[in-house]
Amino acid sequence: MAEAKQNSNLRQAIDFGALVAFMGTYLFSRVVQKLDSTDAMFQATWVLVGASIIALLAGWLLEKRLAPMPLFSGLFALVFGTLTLVFHDPNLLKIKITIQNLALSVILLGSLAFNKAAFKYLLGSAFHLTDEGWRGLTLRYGLFFLCVAIVNETIWRTQSDDFWVAFRGGLWVASAAFGIWQVFFIMKHLIKDEEPEQNT
């Protein structure tokens, strides 16, 4: 258990590192290299694509599998990052967040319509909740992802590249805060492991 938790923490640090590398490269390009926002975005996108590959490989090496959520996010970063570089259009990277979160929202909220809780399958065996807990968590994250998609779509269409990159960092903070808020709900619906029976 301790090793699994350590690997999970390391994996989260690696995933966060990809975002830090992207934002750090953009800031360096703008402040130090004095590049315009478009060129800075392309340089940062190269770093993001490379960091996403590393994150996926690290996940495989650490856990011997690719968990659904990191795989989903990693593939989106690779696909839209590559499209951004190929078509030389930074807007493709910006709409990644909209499409990715909208897709997650449709999957989660849509599953509830069929009396399923898709979040249970996306998280795998991270923890065990009651059916009510999984449905509640699926609804909460489905609505959260929908809000993220709407806010991102509004910001990238109305604000500068600099503002959008800053928003990208703020979004990670908001996601982390939302996740911490859900801990109370998770604990309420957590199914504790049953005590092993003792042989008589």
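The values are calculated or read from the model by the stated rules, or taken from the named source; none is laboratory data. Remember, predicted model here, so these are calculated numbers, not experimental data. FYI the Cβ positions are ideal-geometry reconstructions off the backbone, even for glycines, and counts take in every protein chain you see.
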Residue check for K64: in the same structural domain as A51 (by TED's automatic domain parsing) and among the charged types (D, E, K, R)
yes
Here are G110, G136, G169: which of them is in a helix (DSSP H, G or I), in contact (Cβ under 8 Å) with a residue 12 or more places away in the chain and surrounded by fewer than 16 Cβ atoms within 10 Å (Cβ to Cβ)?
G169
Go through region 113-133 and count every residue that is aromatic (F, W, Y) and crowded, with 17+ Cβ neighbours inside 10 Å.
1
Being crowded, with 21+ Cβ neighbours inside 10 Å and of a type outside the set (V, I, T) is the filter here, so list the residues in region 28-54 that pass it.
A40, M41, A44, L48, A51, S52
Among the candidates K120, K96, which residue alone is of a type in the set (D, E, K, R) and farther than 30 Å from S29 by Cα?
K120
